[in-house]
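Q: Have a look at the structure that comes next, please.
The values are calculated or read from the model by the stated rules, or taken from the named source; none is laboratory data. Since we're looking at a predicted model, the values are computed, not measured. Note: ideal-geometry Cβ built from the backbone for every residue, glycine included; neighbour counts use all protein chains shown.
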There are 2 protein chains.
Amino acid sequence: MKNIVIFVVSDTLSEIGELLVKAGKSCFESSIREVRFHPFINDKKSIDYLLELAKKENGLVVYTFNSPELKSYMETEARCWSIPIYDVLGSLVETLRGITGEEPTHNFKPTPELDDHYFKKVEAIEFAVKYDDGKNTSHLDEADIILIGVSRTSKTPISIYLANNNFKVANIPLMPEVEPPKELFEISNKKIFGLILDPKHLVDIRTERLKAMGLTGTSNYGSNERVMMELEKAQQLFDKLGCMVIDVTSKAIEEIAAIILANIMRR
Amino acid sequence: MKNIVIFVVSDTLSEIGELLVKAGKSCFESSIREVRFHPFINDKKSIDYLLELAKKENGLVVYTFNSPELKSYMETEARCWSIPIYDVLGSLVETLRGITGEEPTHNFKPTPELDDHYFKKVEAIEFAVKYDDGKNTSHLDEADIILIGVSRTSKTPISIYLANNNFKVANIPLMPEVEPPKELFEISNKKIFGLILDPKHLVDIRTERLKAMGLTGTSNYGSNERVMMELEKAQQLFDKLGCMVIDVTSKAIEEIAAIILANIMRR
């Protein structure tokens with residue numbers, strides 16, 4: 001079967017399914033045409049509708065259901081229609097059943113335990129929001145990671161992504177007209193990461209942003225000269241701090257975060 | 001095998017493994033003692049060390065590796081030591097191999113494509129940070145979801161979680177002394193969610209927070225009377241707006257977000 005459409009279906013969010021399918025898709029790029037996400041599918045009629053689509057479009061249905069009733073309905077109907085399906089939790093549950101010799105107590109609990117790990121994550125997220133965009137520089141030393149860079153180098157989404165992985169992150173914007181906070185020079189440069197971007201790319205991104213804000217032609221924010229000057233000043237600061245510098249051009253947030261974390265963990 | 005310890009191992013972050021194991025664990029609570037996370041395992045020595053631990057502690061190793069070399073080393077060694085292992089992507093890749101009749105091109109790509117879906121998520125995260133804690137109320141109508149509630153009702157982490165799932169979220173703190181922004185009355189109340197918390201629980205959380213800030217006894221922020229008064233005033237506003245109200249007591253962020261999204265999607 002070629003030209004496959006993967007339907008990621010769940011009666012809540014389908015986070016695990018989403019991550020799993022994206023990773024799986026990358027191994028079969030030439031055969032998979034598209035991935036579609038269908039969270040909050042809460043009744044049999046919606047399942048019927050999705051299966052009908054899947055039948056028409058060379059569909060593979062990748063699913064997680066909290067409701068045992070909907071899960072078994074999906075499985076029975078898909079078998080009837082000969083539609084291939086994949087249960088996201090199925091093979092892990094089978095493995096655990098084999099190892100423990102136990103029957104699973106219920107299908108699956110999508111909500112985490114309110115344990116230390118959970119509260120640390122919440123704390124990290126609150127920290128990242130509080131320390132976004134240089135809003136806060138007091139107690140900067142409490143941060144595990146500090147990101148610095150000129151406007152539009154993805155500081156905010158990288159901070160939030162790292163916070164979701166339990167790291168406390170602060171980010172500070174660099175502008176030639178503003179002195180960087182003195183606290184930066186008082187903490188270990190091993191925590192600091194300078195972000196740069198290809199100048200041409202940065203000009204494009206800023207021009208798009210100005211357009212979106214209805215501000216074309218009224219600002220030098222998106223000009224070549226301005227961007228080059230900002231990046232040079234930023235590089236001077238990175239040199240002075242002796243921090244690691246990451247070129248974020250054409251990299252996904254996840255990729256940049258992985259570089260940062262690999263670096264932090266190695267120490 | 002009882003009293004199992006699950007080792008979640010990866011040469012990058014182990015996000016998929018983490019989510020999958022947490023869900024799987026909830027089906028076998030009585031047999032699984034602990035879950036430990038080991039991201040950024042980048043050499044054979046570290047794998048040896050982990051396998052030694054796993055052998056001692058009734059371990060199941062749940063793994064994803066980008067590096068084919070480390071992946072195959074892990075599998076060979078674990079077999080040697082008779083340690084049970086589970087490849088997070090293995091069974092989906094097998095399913096896709098069966099359907100497509102193709103060999104997977106490589107092991108797996110952990111980074112997402114820089115497509116529309118990706119940029120929408122980044123935009124949603126930037127929006128949530130910009131519209132956190134009432135910092136911004138202009139263009140509030142651009143939000144998909146607006147959370148309102150008194151201090152310490154988890155507005156920020158819920159907003160970020162929803163943003164990670166591509167929803168634009170604003171959150172606005174309620175204080176009896178401050179008039180709620182008039183923009184709240186100009187947008188559909190179907191987008192607005194009022195958050196409440198059991199008063200006793202809220203008193204405890206605030207008392208802890210004051211302690212953490214070294215401010216015990218200096219504020220009425222954590223007093224019974226203050227908390228009751230704030231919650232009453234908040235309820236009055238919720239009634240006036242006619243918005244949905246969610247009691248967040250003892251609920252995980254994921255659970256609260258699922259309630260909100262189920263409600264939004266149903267419309």
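Q: Of all helices (runs of 4 or more DSSP H) completely enclosed by the stretch B:82-172, which ones contain at least 2 residues that are away from chain A (no Cβ under 11 Å)?
A: So the answer is B:116-130.
Q: Which pairs have Cβ atoms under 6 Å, sit 6 or more apart or on different chains, and link a residue in the stretch A:2-13 that is within 11 Å of chain B (Cβ to nearest Cβ) and closer than 21 Å to A:Tyr73 by Cα to one that is among the small types (Gly, Ala, Ser) and part of a loop (DSSP other than H, G, I, E, B)?
A: Cβ pairs passing all conditions: A:Asp11/A:Ser67.
Q: Just to be sure, is B:Ala262 crowded, with 20+ Cβ neighbours inside 10 Å and either free of Cβ contacts under 8 Å to residues at least 60 places away in the same chain or in a helix (DSSP H, G or I) (or both)?
A: Details: crowded, with 20+ Cβ neighbours inside 10 Å: no; either free of Cβ contacts under 8 Å to residues at least 60 places away in the same chain or in a helix (DSSP H, G or I) (or both): yes.
Against the criterion (crowded, with 20+ Cβ neighbours inside 10 Å and either free of Cβ contacts under 8 Å to residues at least 60 places away in the same chain or in a helix (DSSP H, G or I) (or both)), B:Ala262 does not qualify.
Q: Does A:Asn224 satisfy the criteria of being in the same structural domain as A:Asn136 (by TED's automatic domain parsing) and closer than 14 Å to A:Ile256 by Cβ?
A: So A:Asn224 does not fit the description; no.
Q: Sticking with this structure for a sec: What about A:Leu195, is it under 21 Å from B:Ile125 (Cα atoms), of a type in the set (A, V, I, L, M, F, W, C) and assigned to a strand (DSSP E or B)?
A: On the way: under 21 Å from B:Ile125 (Cα atoms): yes; of a type in the set (A, V, I, L, M, F, W, C): yes; assigned to a strand (DSSP E or B): yes.
Yes; evaluated as a whole, the condition is true for this residue.
Q: Here is a follow-up. Which ones in the stretch A:30-65 are under 23 Å from B:Leu20 (Cβ atoms) and surrounded by fewer than 17 Cβ atoms within 10 Å (Cβ to Cβ)?
A: A:Arg36
Q: Here is a further query. Do we find a residue being facing chain A (nearest Cβ under 9 Å), touching an Asp or Glu at 6+ places or on another chain (Cβ under 7 Å) and either part of a strand (DSSP E or B) or over 29 Å from B:Val169 (Cβ atoms) (or both) anywhere in the stretch B:52-73?
A: no
Q: Moving on. Identify, from the list A:Gly217, A:Gly222, the residue that is among the small types (Gly, Ala, Ser), under 25 Å from B:Tyr118 (Cα atoms), modelled with pLDDT under 90 and not in a strand (DSSP E or B).
A: Going through A:Gly217, A:Gly222 in turn, just one is among the small types (Gly, Ala, Ser), under 25 Å from B:Tyr118 (Cα atoms), modelled with pLDDT under 90 and not in a strand (DSSP E or B): A:Gly222.
Q: Another one. What do you reckon, is A:Phe40 facing chain B (nearest Cβ under 8 Å), under 24 Å from the mean Cα position of the chain (by Cα) and not hydroxyl-bearing (Ser, Thr, Tyr)? Working first, answer last.
A: Numbers: facing chain B (nearest Cβ under 8 Å): yes; under 24 Å from the mean Cα position of the chain (by Cα): yes; not hydroxyl-bearing (Ser, Thr, Tyr): yes.
Yes; evaluated as a whole, the condition is true for this residue.
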